[in-house]
Amino acid sequence: MKEQIYTKNTLHSERDVQFIKGVGPKRAQALSKIGIDNARDLLYHFPRRYLDRSTVTKISSLKVDQRVTVVGEIESKNYIRTRRGGYFQLLVKDDTGYLRCKWFNSAKYIQKLFKEGETVAFSGKVNYYKGYELVHPDYDKIEEESINTGRIVPLYSSTEHLKKMYLNSKGFRRLYRKIFEKYAIVIEELLPKEIREKQNLSDVRKALEQIHFPDNTEKLKKARRRFIFEELFYLQLIMSLKRESIKSISKQFSYDSPGKLLSKIYEKLPFELTGAQKRVVKEIWQDMKSDRVMNRLVQGDVGSGKTVVAMLAASIAIGNGYQAAIMAPTEILAEQHYQNLKAMTAGLGINTVLLVGNQKKGEREAILEQISKNEANLIIGTHALIQDSVVIDKLSLVIIDEQHRFGVMQRGKLINKGLNPDVLVMTATPIPRTMSMTLYGDMDISTIEETPARKGKIITKKVKENQLPTVYDFIKNKLEEGQQAYVVYPLIAESEKMDLKAAETGYKKLNQKIFRDYSVALLHGQMKNEEKENIMTRFQAGEFDILVSTTVIEVGVDNPNANIMLIENAERYGLTQIHQLRGRVGRGEENGICVLVERNSSEKAEKRLDILCSTSDGFKISRADLKLRGPGEFFSSKQHGYPQMKIADLIRDRKILETARKEAYKLIRIDPHLRKEKHQVVRQHLLDNYQKYMKYVDVL
Ligand code: ADP
Ligand code: MG
């Protein structure tokens, strides 16, 4: 853009979009729905993709099943009636050939959208039916000359509503052109100058121009890099500030020594701790004896022995006269911790209590009383622990097991109880370093990278429906040898009721037909506590041969005699989830066998399940899962309470993430409360835009 364009008017980043030329109140309202309220938001509505010669496929070189973008002119449009209804069809041509684009059913809106002679970019998967076609492709109208003259054309995401007001990709391009031509844009620089210079990042004004009107791929790349950095830099600033806020909390208690209880429990253990377990216990003790609160994450694969580590930490608190709480995501797991830990500490004078949702009123009140008077030392529970009615007298340590199941809020809520307790979070979802930096950047991390040596291994095989009779025979043989088996029914994330239905139907069939000569039990999440407990205990005691369940057994459950697991509709699970499920088998001397039943096969599903069959390394699995599903699906940001990324991709941009992290942490080290004059823009931007992600940040 030329200098003389900036004469008439200036556009400040705070200006309400409705007062920008070419927007107006109606469009402003629709823009607001996608988070665009002021000029900055609008300028930061970055293209989702770019088209240029290298990303557009010529019709003559299409291949079936390829995902492509084709740019062509609409030759004709037709509605074609068939016996089953009909479809709308566009005939599109480029300089190499013809292609059909089809829309089935309600194609009314689409029919009106296109005119003969228009140039449009269509994206989709190539299909072949009497010629190449794209079914229900994405589309973007293109100015005719653009691609062929070698320009890079940005494509913007939009909504149906906006598109009806002509704010499709083409509309956005036109709007931005107007803005850049009509206004002198005044926008604050959100990245401190030193950092920009050191990291070779272009200034915001130049970068904005290149991101909307790229001169060439080189310049576009540089502009994108700048905004990716900016986004990740703010994300890491939040983490760093959280960390500082937590570190600035002083404890209202102190430990002089780990206490005798620790060594007593240690001596009673039926095994030797692994090197990794020992190291992690030491790291925890270092935090516990510091006068600043602990905020530590312990990462370790299923079966790496996190429970013992938790118990040893708890014994330090209890041995010093304080209370420790362990929060588990399900009642079954809480119950199991309760039983295990009671056994581990028998005869040592510890009063362990269990607090879960549906306990009897009298029982619950008695427990609450003990808790409030520091008569109960070790408190194990579920969400029930964080209710306001729970008063914990001298709580100095909180352990949160299987953290990935809890939202951020709950973590905060429990921490608010007690004497600013130390917090230890345990997770069996080993995640790659870049992810943990993002999600747990506010915590210190300990990793149990070694799993105690066991005789048994886990062998995983995937099968199709028609192989099931063979599998059932195999299971029968194993049952004859005195082993037990799990059958797990699919997870349908949205509805526990549907999970239950699948399990119930499956149970009936297995119990009455396939395994009618054996005893089969059903376990599900909606059962009463006592019922669940009863079934688990009886399964453990060998009363049942087969336990049919929903995924309630995902975490924790331990029965060394159950070494076979059949997982139904395995294609519906996350890889890490199956990995955790199968961690229930092969815990004793025998090999564990995990059979994945695939009912709706697809190439992607096959690929994912193959990973499980080929490795039992939790880190490898989560990395692969992450790659296949993308970070958005792998970890919903809502659950983890960090902002949605607009332009950055945590996996693809991991290098930039590392630098952004270093710079962010350095900035907070130099200026912990962001008081320096030159950091005021940063401070204000955080307060204005990231408020809701900064719960518990109190240093600003
Ligand atoms: P997770 O890390 O999945 O929570 P657990 O704490 O449930 O694992 O431990 C799994 C099993 O391994 C338990 O039966 C536990 O007693 C056993 N275990 C833990 N540590 C060791 C060790 N160092 N040596 C042998 N067995 C161990
Ligand atoms: Mg565990």
- Only one of (1) within 16 Å of ligand 1 (Cβ to nearest atom); (2) part of a helix (DSSP H, G or I) does not apply to Leu385, and that is (1)
- Item | Failed item in (1) out of contact with any Lys or Arg (no Cβ under 8 Å at 6 or more places or on another chain); (2) under 21 Å from Lys221 (Cβ atoms); (3) modelled with pLDDT under 90; (4) not hydroxyl-bearing (Ser, Thr, Tyr), with Asp138 passing the rest | (2)
- Item | Count - residues of the range 420-430 that are open to solvent by less than 10 Å² (accessible area, probe 1.4 Å) and within 15 Å of ligand 1 (Cβ to nearest atom) | 6
- Filtered residue count, the range 596-611, keeping only those that are open to solvent by less than 10 Å² (accessible area, probe 1.4 Å) and either of a type in the set (Asp, Glu) or under 17 Å from Gly506 (Cβ atoms) (or both): 3
- Does Glu363 count as more than 16 Å from ligand 1 (Cβ to nearest atom), assigned to a loop (DSSP other than H, G, I, E, B) and out of contact with any Cys (no Cβ under 8 Å at 6 or more places or on another chain)? no
- Task: May I ask you to list the residues in the range 643-699 that are more than 22 Å from the chain's Cα centre (by Cα) and over 20 Å from Arg196 (Cβ atoms)?
- Result: Pro672, His673, Arg675, Leu687, Asp688, Val697, Asp698, Val699
- Message: So Arg584 ticks every box in (1) within 14 Å of ligand 1 (Cβ to nearest atom); (2) open to solvent by 10 Å² or more (accessible area, probe 1.4 Å); (3) among the charged types (D, E, K, R) but one. Which box is left unticked?
- Response: (2)
- Query: From Lys112, Lys93, Lys125, Lys77, which residue is among the basic types (Lys, Arg) and under 30 Å from Gly35 (Cα atoms)?
  - Reply: Lys112
- Task: Give Tyr50, Tyr44 a once-over and let me know the one that is open to solvent by less than 30 Å² (accessible area, probe 1.4 Å), modelled with pLDDT of 90 or more and aromatic (Phe, Trp, Tyr).
- Result: Tyr44
- What about Gly412, is it modelled with pLDDT under 85, in a helix (DSSP H, G or I) and either within 30 Å of the chain's Cα centre (by Cα) or farther than 18 Å from Val293 by Cα (or both)? yes
- Message: Tell me yes or no: at least one residue of the range 259-281 is within 21 Å of Ile400 (Cβ to Cβ), touching an Asp or Glu at 6+ places or on another chain (Cβ under 8 Å) and modelled with pLDDT under 90.
- Response: no
- Item | Exclusive hit being of a type in the set (A, V, I, L, M, F, W, C), modelled with pLDDT of 90 or more and either surrounded by fewer than 17 Cβ atoms within 10 Å (Cβ to Cβ) or within 16 Å of Thr57 (Cα to Cα) (or both), set Leu167, Leu208, Leu99 | Leu99
- Message: Looking at Asn529, Asn569, can you tell me which residue is open to solvent by less than 40 Å² (accessible area, probe 1.4 Å), over 21 Å from the mean Cα position of the chain (by Cα) and at positive phi?
- Response: Asn569
- Query: Conditions: (1) in a loop (DSSP other than H, G, I, E, B); (2) without any contact (Cβ under 8 Å) to a residue 40 or more places away in the chain; (3) in contact with a helix residue (DSSP H, G or I) (Cβ under 7 Å, 6 or more places away or on another chain); (4) within 16 Å of ligand 1 (Cβ to nearest atom). Ala346 meets all but one. Number of the miss?
  - Reply: (3)
- helices (runs of 4 or more DSSP H) lying entirely in the range 236-336 (those with 3 or more residues that are open to solvent by 30 Å² or more (accessible area, probe 1.4 Å)): 260-268, 275-289
- Message: Here is a check on your reading of the model: is Asp52 within 30 Å of Ala207 (Cβ to Cβ), without any contact (Cβ under 8 Å) to a residue 24 or more places away in the chain and not polar (S, T, N, Q)?
- Response: no
- Task: Inspect the range 565-576 for any residue being within 16 Å of ligand 1 (Cβ to nearest atom) and more than 22 Å from Ile651 (Cα to Cα) and give the result as yes or no.
- Result: yes
- Message: For the range 12-31, give me the residue count where each residue is in contact (Cβ under 8 Å) with a residue 12 or more places away in the chain and either over 22 Å from Glu209 (Cα atoms) or not in a loop (DSSP other than H, G, I, E, B) (or both).
- Response: 8
- Message: Given the condition at pLDDT below 75 and open to solvent by 40 Å² or more (accessible area, probe 1.4 Å), answer yes or no: does some residue in the range 435-450 qualify?
- Response: no
- Message: Please verify whether Lys695 is of a type in the set (D, E, K, R), part of a loop (DSSP other than H, G, I, E, B) and modelled with pLDDT under 85, treating the condition exactly as stated.
- Response: yes
- Per the list (1) under 27 Å from Gln286 (Cα atoms); (2) open to solvent by 10 Å² or more (accessible area, probe 1.4 Å), residue check on Lys361 breaks on (1)
- Message: Checking Asn559 against (1) within 16 Å of ligand 2 (Cβ to nearest atom); (2) out of contact with any Phe, Trp or Tyr (no Cβ under 7 Å at 6 or more places or on another chain): exactly one of these is not met. Which one?
- Response: (2)
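The values are calculated or read from the model by the stated rules, or taken from the named source; none is laboratory data. Everything quoted here is computed from the prediction, not taken from an experiment. Note that we place each Cβ from the backbone using ideal geometry, even for glycine, and neighbour counts take in every protein chain shown. Side chains included, ligands, DNA and RNA excluded: accessible areas come from the protein's heavy atoms. Shrake-Rupley method; radii C 1.70, N 1.55, O 1.52, S 1.80 Å.
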